[in-house]
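Input: a single structure, listed below in structure tokens.
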Amino acid sequence: MIKKFILGYKYFKGNEMIKYILGIVIFIAIVLVAITIGANNDQIITFNYIVAESQFQLSSLVAILFGLGLILGWLITAFFYIKLKLKNMALARQVKRQTLQINELTTTRDKVV
């Protein structure tokens, strides 16, 4: 019972479960690669950004920039996802309105004939 709840059996069906497990496997693989790369890169480098200049360990800088890229990617994806969801809702309202208009026209035509 606990195992099913932890893995999410209750919430996922069919292909969704495969996507869920595949996502976890990919995430674990990325974390393992990041740890491996981080363990091998302990050099100190100078990072010159627009406002100032700092010294970082290469592994820390790679982790920070990877995290920022991940966050930026999620924000861009969320923007387009929300944009498409809003368009989908507007189109669904339009379909509903047009269906009602068609039903009204067919009922009035049937009454006339």
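Some points to look at:
- Candidate set from the range 28-71 (those that are in a strand (DSSP E or B) and hydrophobic (A, V, I, L, M, F, W, C)); member that is surrounded by the fewest Cβ atoms within 10 Å (Cβ to Cβ): I44
- Cβ-Cβ contacts under 7 Å between residues 6 or more apart (or on different chains), taken from a first residue in the range 46-71 that is more than 25 Å from I30 (Cβ to Cβ) to a second residue that is hydroxyl-bearing (S, T, Y), are listed as E53/T46; Q55/T46.
Every number in this text was worked out from the coordinates using simple rules, so none of it is lab data. Since the structure is predicted, the reported quantities are computational estimates derived from the model, not experimental observations. Heads up, the Cβs are rebuilt from the backbone with ideal geometry, glycines too, and the neighbour counts pull from every protein chain shown.
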